[in-house]
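What follows draws every value from the coordinates through simple rules; no lab data is involved. Not measured: the values here are computed from a predicted model. Note that we place each Cβ from the backbone using ideal geometry, even for glycine, and neighbour counts take in every protein chain shown.
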Amino acid sequence: MPEPKKLTKRSVDATKAPATGETFVWDSQVPGFGLRVYASGRRLFVFQYRTTGRTRRMVLGGSPAITAEQARDLAIAASAKLAK
């Protein structure tokens, strides 16, 4: 698994799509926040969390419709809401 790094516009644009399936790039600043890249080239920002013993992924939005910074803010808000 690659080392987490801060997701920015540059890093999102530079992430190459896999030949098949999907790949994830995780953010180093917000636990559970990441970028999901499909073989088709589609890029979605996701927030992964655990609840009632199960791992869930929430889609925050697609790139370039929202920026990495906007998606990070949504992930922080989702994390705070889950903590309540």
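For region 61-78, what does the Karplus curve 6.51 cos²θ - 1.76 cosθ + 1.60, with θ = phi - 60°, yield as ³J(HN,Hα) per residue in whole Hz, taken in order and with x for Gly and Pro?
Coupling constants for region 61-78: x, x, 9, x, 4, 10, 7, 4, 5, 5, 5, 4, 4, 5, 5, 5, 5, 5 Hz.
For Lys16 paired with Arg54, estimate the spin-label separation in nm (one decimal), with each label point 7 Å from Cα along the Cα-to-Cβ line.
Result for the modelled spin labels: 3.6 nm.
Using alpha carbons only, what's the Rg to Rh ratio of region 1-47 with Rh from Kirkwood?
Here Rg/Rh amounts to 0.93.
At a temperature of 4 °C and a viscosity of 1.567 mPa s, determine how fast region 36-78 diffuses translationally according to Stokes-Einstein, using the Kirkwood radius over alpha-carbon pairs as Rh; express D in µm²/s, rounded to the nearest whole number.
Approximately 117 µm²/s, per Stokes-Einstein.
Based solely on C-alpha atoms, express the radius of gyration and the Dmax of the chain in angstrom.
Just the Cα atoms of the chain yield Rg and Dmax of 12.4, 40 Å.
In region 12-80, which trypsin sites (Lys or Arg not before Pro) fall in coil by DSSP and have 12 or fewer other Cβ atoms within 10 Å?
Within region 12-80, the qualifying trypsin sites (Lys or Arg not before Pro) (loop, at most 12 other Cβ atoms within 10 Å) are Lys16, Arg42.
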